[in-house]
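No lab work stands behind these numbers, since they all come straight from the coordinates. Not measured: the values here are computed from a predicted model. Neighbour counts are summed over all protein chains in view; Cβ atoms, including those assigned to glycine, are modelled from backbone coordinates with ideal geometry.
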Amino acid sequence: MDLVRHLRYFTVVAEELHFGNAAIRLGMAQPPLSQRIKRLEEELGVRLFDRSARQVRLTEAGRLLLGEAREIVARVDRLHDLLRQGEGSVLKIGVPPDLAAAVIAALVAGFRESNPDVRLAPAEIWTADQVTALAEGAIDVGLVRHPVSAPALSFGQILVQPYGVLLAADDPLADTGEVHLADLAGRDLLMPPREGEPGLRAETLAACRRHGYVPAQVHQGAGLGLVMAGAAVAFGPRTESPGLVWRPLLGSPIASRVSTAWRTAATERSAEKSAEVADFTAVAVRTLKESAGMIDEAAAPARRVSRRPGMLA
């Protein structure tokens with residue numbers, strides 16, 4: 001268990017005395033926050049809050065812990081600030097683990113051109129974990145996939161990347177020009193983890209059902225080994241790799257919507273850091289268009305329900 005992170009959660013709940021308000025302030029959903037407070041209580045062997053349907057109150061143990069927790073969190077934050085000062089300006093960013101390496105390299109190179117004195121430190125983190133990391137200050141800005149619910153965050157321009165289907169090279173559908181989602185019936189589907197990309201996962205599976213494809217089984221992961229082995233298919237941008245074939249989906253029913261995200265509370269960042277976040281956002285929009293083929297959301301074609309010949313309306 002990351003004790004400092006859990007103590008940070010505890011201090012916010014103790015200040016708000018309301019799990020819903022604390023979750024909004026932390027930029028996360030309420031159920032995971034409640035689970036983490038319960039985990040902290042189990043780790044310490046005490047009850048920190050008295051919970052009822054009408055109110056949340058600190059227990060005596062909670063009151064004793066609060067001052068110490070604040071000091072521990074403050075000391076860790078000061079230590080991080082000190083280390084960052086020692087190594088110069090660093091902008092910590094979160095990127096999806098399945099973002100192409102060439103795109104990440106282009107992001108780093110593009111940002112270096114406009115900010116040669118700032119080191120970009122990318123971390124591969126799924127959207128849900130980026131939301132938490134942004135709330136905690138573990139990263140400064142992220143590339144997240146929508147839909148994402150995080151009231152404490154601000155978002156940059158949303159870009160859209162239509163997805164096709166990745167198949168094993170010997171899959172019978174590899175010989176077709178376009179694939180209808182219903183043609184994937186009976187095949188397993190490989191997707192990012194449920195906990196990491198809940199919004200994208202829900203939207204994608206809903207679109208699959210609307211178009212007649214209910215995966216036999218949904219696997220979780222970022223690697224494409226299962227696809228190469230013919231054990232599953234996956235959705236993603238056009239890519240070339242030995243053993244894999246990419247085919248467009250008829251009607252473009254599956255897409256990824258991406259934007260930068262950062263914590264709204266500007267008072268917690270220096271003007272210099274805010275400027276770096278703004279610069280990275282501008283670089284990200286340009287790079288994702290040029291290197292990843294993404295387009296403005298307003299210019300994206302409407303995803304339509306496409307029917308194969310013979311399908312009933």
Label point distance in nm, Ala278-Leu64, each placed 7 Å from Cα along Cα→Cβ:
4.9 nm
Alpha-carbon centroids, the stretch 241-296 and the stretch 145-170: separation in whole Å:
9 Å
Just to confirm the number: angle between the C-alpha axis of helix 60-86 and the first principal axis of the chain, 0 to 90 degrees, nearest 10?
70 degrees
For the Arg78, Leu17 Cβ pair and Förster radius 35 Å, calculated FRET efficiency rounded to 0.05 is 0.85
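With a ≥ b ≥ c the root eigenvalues of the C-alpha gyration tensor of the stretch 89-313, is it rounded (a/c under 1.5), prolate (a/b larger than b/c) or oblate?
prolate
Compare the peptides 247-254, 60-67 by average per-residue count of other Cβ atoms within 10 angstrom and give them in order, highest first.
Details: 247-254: 19.4, 60-67: 14.8.
So the order, starting with the most tightly packed, is 247-254, 60-67.
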Working from Cα positions, state the angle (0 to 90°, nearest 10) between the long axis of helix 3-16 and the longest principal axis of the chain.
70 degrees
How far is it, in nm, from the label point at Ala299 to the one at Gln220 when both lie 7 Å from their Cα along the line to the Cβ?
3.6 nm
Simple spin-label model, 7 Å along Cα-to-Cβ: Arg39 to Val90 in nm?
2.3 nm
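Order these peptides, 32-39, 237-244, 185-192, by their mean beta-carbon neighbour count within 10 angstrom, highest first. Show your work: numbers first, answer last.
Numbers: 32-39: 16.5, 237-244: 12.8, 185-192: 18.4.
Packing order, densest peptide first, comes out as 185-192, 32-39, 237-244.
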To make sure I understand, if each residue's beta carbon is the centre and we count other beta carbons within 10 Å, what order do Asp279, Asp175 fall in, fewest to most?
Asp175, Asp279
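Which shape class, rounded, prolate or oblate, goes with the stretch 3-84 when its Cα gyration tensor gives a ≥ b ≥ c as root eigenvalues, a/c under 1.5 marks rounded, and past that a/b bigger than b/c marks prolate? Spell out each step's value before the answer.
Working: a/c = 1.98, a/b = 1.47, b/c = 1.35.
Verdict is prolate for the stretch 3-84.
Can you tell me the FRET efficiency between Asp2 and Asp50 if r is taken as the Cβ-Cβ distance and R0 is 25 Å, rounded to the nearest 0.05?
Working: r = 25 Å, r/R0 = 1.01.
Calculated transfer efficiency: 0.50.
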If one takes the longest principal axis of the Cα atoms in the chain, at what angle in degrees, from 0 to 90 and to the nearest 10, does the Cα axis of helix 101-114 lie?
60 degrees
